[in-house]
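Working notes for the structure below.
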Amino acid sequence: MKVMHLISGGEMGGSKTHVLSLVQALQKKIDITLMCLMAGDFFNEGRKMGLNIGTLQQRKRYQLHTVFELGRLLRREGYTLLHCHGPRANFYGALIRKLYKIPALTTIHSDFLLDFQHNFYQHKVYTTLNTLALKTFDGYFAVSENFKEMLVSRGFPADKITVIYNGLDFDAPVKTVSRQEFLKKHGLNIPEEAKIVGILARLHPIKGLDIFLQGAKTVAEAEPDTHFLIGGDGERRDRLLALRDKLGLKDRVHFAGHISDPLPFMQALDINTLTSYSESLPYVLLEGALLRKPSVSSDVGGIRKLIIDGETGLLFPAGDAAAFAGRLLTLLRNGELAKQLGENLYRHARENFSLAKLAAVHTEVYKKYGKGMN
């Protein structure tokens, strides 16, 4: 079995963590290569991890010569399966599958009809290309049961969809970074005695950061010693800064910018949160679980598999800022409950969302499809 994972190489956040950690785990079991369509932080991080990783140094999106370059490489090197991640990789993968007769799988990391919804041109072009490409694959990995249901509702065959939840290596050593060290590095002025509520996310409408800020307004008025930390960058940064200032939270809500390593960010928090309108089962909650952080999340996607309301964390209806604020106040005012939920979350995640389980499921599916080129 010889498998190539294909990805654009510009990914950040959960999809980056998923692919890099998955390939690292699979390298212990099978012959695997991770191919990026561009060089960048993703590629450099993969190299530092010791992955068998390459790049095509693609200069423009959707260059058709890439199809033939990759197809010839796959044939010459005897690959038995192609596994794609993301719209651009799906586009090339669909063409390679047709022209070179290699089995191809793809992972559905998000709702593909929402990925480009806030850019008219990209939505019309990229969403259309991705949707057409997706219909041609031999099999699919859906990163939550909800995503499988979404695919089936859109005409994808249920028997070709494998549900896989994200996983972490809970035995890997974690470097300890003090709160003050992290805050100083990012130029953040937060009092030492403050409680910090945080969120790590792309600054994108789907992440519900407007709800985070509206909830922060309510909590800041009720608990004056609470500060709020937003990690990540994206297209909505200026709008979110303007909303923060409009809400009178300039001294209470802090933007850390791009975060390359999530764990030091998580270590600085007292409460980890997620306010998305749509998700699968994001790594930011698993990373919080690894550090035993009490967590508050919107009840979307497969999150309730990890955050069991009242047992391993607290959930609120997506889009409900008042409910979000109420859950935060519950934890801020009850330290024992917060600590217990964090411990419960760690145990539950360790037992059910391991990287070893993630790799094992992939290997079994590869055996089913990976018959190589005709």
Would you kindly derive the ³J(HN,Hα) couplings of region 345-354 from the backbone phi angles with the Karplus curve 6.51 cos²θ - 1.76 cosθ + 1.60 (θ = phi - 60°), listing them in order in whole Hz, with x for Gly and Pro? 5, 4, 5, 5, 5, 4, 6, 10, 10, 8
For the chain, find the longest principal axis of its Cα atoms and tell me its angle to the long axis of helix 209-222, 0 to 90°, nearest 10. 20
How far is the Cα center of region 280-337 from the Cα center of region 204-279, in Å? 15
If amide H atoms are built 1.01 Å from N in the plane of the peptide, which residues on other chains or at least 5 residues away come under 5 Å of the amide H of F316? S297, S298, D299
J(HN,Hα) series, region 277-284, from Karplus relation 6.51 cos²θ - 1.76 cosθ + 1.60, nearest Hz, glycine and proline x: 8, 8, 7, 9, 9, x, 5, 4
Across all directions of projection, what mean area in square nanometres is found for the Cα convex hull of region 179-352? 8.7
For L113, distant residues with modelled amide H under 5 Å away: none
Expressed as an acute angle from 0 to 90° and rounded to the nearest 10, what is the orientation of the C-alpha long axis of helix 65-77 relative to the principal long axis of the chain? 70
Taking Cα atoms, how many degrees apart are the long axis of helix 87-100 and the longest axis of the chain, rounded to 10 and kept between 0 and 90? 10
Per DSSP, loop trypsin sites (Lys or Arg not before Pro) in region 1-60 with at most 14 further Cβ within 10 Å: K28, K29, R59, K60
Under the Karplus relation with 6.51, -1.76 and 1.60 and θ = phi - 60°, whole-Hz ³J(HN,Hα) for region 285-298, x at Gly and Pro, equal 6, 5, 5, x, 4, 4, 9, 6, 7, x, 10, 10, 9, 5
Over 31 Å (Cα to Cα) among K175/K195; K48/K246; K28/K124; K160/K207 -> K48/K246; K28/K124
Would you mind calculating the gained length between E193 and A242 on full extension (0.36 nm times residue separation, minus the Cα-Cα distance), in nm to one decimal? 14.9 nm
Spin-label model distance (nm) - D159 vs K2, 7 Å beyond Cα toward Cβ: 3.1
Per-q log10 I(q)/I(0), the chain, q = 0.10, 0.12 Å⁻¹ (Debye; single scatterer per alpha-carbon; no solvent): -0.64, -0.91
What GluC sites (Glu not before Pro) does region 233-308 have in DSSP loop regions with at most 16 other beta carbons within 10 Å? E235
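Read-outs throughout are calculated quantities, based only on the coordinates presented, and are distinct from any laboratory measurement. Note that this is a predicted model, so its numbers are computed, not measured. No Cβ is skipped: glycine too gets one built from the backbone with ideal geometry, and neighbour counts run over all protein chains shown.
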